[in-house]
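Asks: Can you read through this structure? Questions will come right after.
All of the numbers you see were taken from the coordinates with simple rules; none came from a lab. The structure displayed is predicted, hence computed values, not measured ones. Here the Cβ positions follow ideal geometry from the backbone for every residue, glycine too, while neighbour counts run over all protein chains shown.
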Amino acid sequence: MTVWKRSDRKLKPYFWKFQFQGAEIRKSGYRTEAAAKIDEAKERLKLEALSARDSFISLAESRLVTIQAYSTPLWFTNCCGVLDRGFNDWYELPASDITPEMVRTRIIKIGKEQSHGIANRSLIILSSIFRQAIKDGILVRNPAAGVDRLPVEKSRKVIPKREDIDKVIDTAKPLDKAYLEIILFTGARVNEVNALTWADVDFERRTMKLWTRKKKGGNKKDRNVHMVQRVYDALIMLAKLGEYEVSPWVFNNPEMKRRYPAEPAKWRYIYRDKFLKTLCRSTGVPEFTYHHLRHYTASALDAAGVPLSTIQKILGHESAVTTNNYLQDLGRADTALEVL
């Protein structure tokens, strides 16, 4: 029996409840037992119909559409990669058949075969798929909600040596050198530099506008960053190449230019995953990433005695607390940096 009558109510005393996908579905406020049974039957049919038609891949694709609209191109690409590598055997499964135990087992497997960090990122993406399905009325429970993240040993963030950074930059070709100098001397995130347009560059005021989507809700937010001489010179050199006359982007991906010669809006880089690693190897220095350059910039500013509030603005953090924690995790760079 799934229909009950409450003794403490004189009007509309009947209600129904049942379990579906591990969650309790319940509704009250019926005058008669018959009315409650009819409505309960309708609800069961609706949920079963939804469950039958929605495979995991359909939910994943719906979530990816949302991520592409609200997040960065890099995060969208990361999400696609995580799903293809870690969950492709789930694609045809009915989403309602996926259990917390299945999720937990898969996350532990990814943690063992790859890393705990990748496993935790996979869990975040997986949980977001199910949360959206719940909001869309497709699922009633999130099988990833009760799965704990794997423990990750917190280590001090990597700060490259300045001599290694200079060696890599000096070895790079002119366009690539400008790319790395802008990242280093502005503290920018690499996706902010990839998205830099000529409209964001003000040579007269010596400022450049950086945009980030690393905000709740996916809203883009800008900040103005001062151009030191090396950044100014790099941008002047790029402007003299004349690509600003045909492309809105400061940095253009040659592969995308070949693929879409008549569509400059598509020429920007999404992520240059091998370029910096190759440079480090060819110059014989320990490998570092674009974000390690940002680490260096932050720690070098701190070493130079730059106020916390100024470092916060340069890095584009929402809170000074975030900047303070960031600096504490970093430690000090080997030299100061001429960013201001």
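Asks: Is the shape of segment 116-206 rounded, prolate or oblate, going by the alpha carbon gyration tensor and its root eigenvalues a ≥ b ≥ c, with a/c under 1.5 for rounded and a/b larger than b/c for prolate?
Replies: Oblate shape, in that a/c is at least 1.5 and b/c is the bigger or equal ratio.
Asks: Is segment 240-315 rounded, prolate or oblate when judged by the Cα gyration tensor, a ≥ b ≥ c being the square roots of its eigenvalues, rounded requiring a/c under 1.5 and prolate requiring a/b larger than b/c?
Replies: oblate
Asks: Kindly state, as a whole number, the per residue volume in cubic angstrom of the convex hull around the alpha carbon atoms of segment 56-135.
Replies: Spread over its residues, the Cα hull of segment 56-135 gives 82 Å³ apiece.
Asks: Over the chain, with a Gaussian network built from C-alpha contacts below 10 Å, which listed residue (ARG294, ARG106, ARG31) shows the highest mean-square fluctuation?
Replies: Ranking ARG294, ARG106, ARG31 by mean-square fluctuation puts ARG31 first.
Asks: Report the per residue volume, in Å³, of the convex hull enclosing the C-alpha atoms of the chain.
Replies: Dividing the Cα hull volume of the chain by its residue count gives 203 Å³.
Asks: Rounding to the nearest 10 and keeping the result within 0 to 90°, find how far the Cα-based axis of helix 162-171 lies from the longest principal axis of the chain.
Replies: 80 degrees
Asks: Scan the chain and report its longest stretch carrying no GluC sites (Glu not before Pro) that are both in a DSSP loop and have at most 13 other Cβ atoms within 10 Å.
Replies: Longest stretch, sites excluded: 205-317.
Asks: Compute the angle between helix 56-70 and the longest alpha-carbon principal axis of the chain, please, reported from 0 to 90 degrees and rounded to the nearest 10.
Replies: 40 degrees
Asks: On a 0 to 90 degree scale, rounded to 10, what angle separates helix 33-53 from the longest Cα axis of the chain?
Replies: 40 degrees
Asks: Quick check on the exposure proxy: order ILE182, ILE169 from fewest to most C-beta atoms within 10 angstrom.
Replies: By the 10 Å Cβ count, ascending: ILE169, ILE182.
Asks: While we're on this one: Going by how many other beta carbons lie within 10 Å of each one, how would you line up PHE87, PHE20, fewest first?
Replies: Exposure proxy ranking, most exposed first: PHE20, PHE87.
Asks: Tell me, TYR296, TYR30 in order of fewest to most beta-carbon neighbours within 10 Å?
Replies: TYR30, TYR296
Asks: Now for a separate question. Any idea what diffusion coefficient segment 1-134 gets from Stokes-Einstein, in µm²/s, Kirkwood Rh on alpha carbon pairs, 20 °C, 1.002 mPa s?
Replies: 124 µm²/s
Asks: Bin all alpha-carbon pair distances of segment 162-330 at 10 Å intervals from 0 and give each bin's fraction as a whole percent.
Replies: 9, 37, 38, 15, 1
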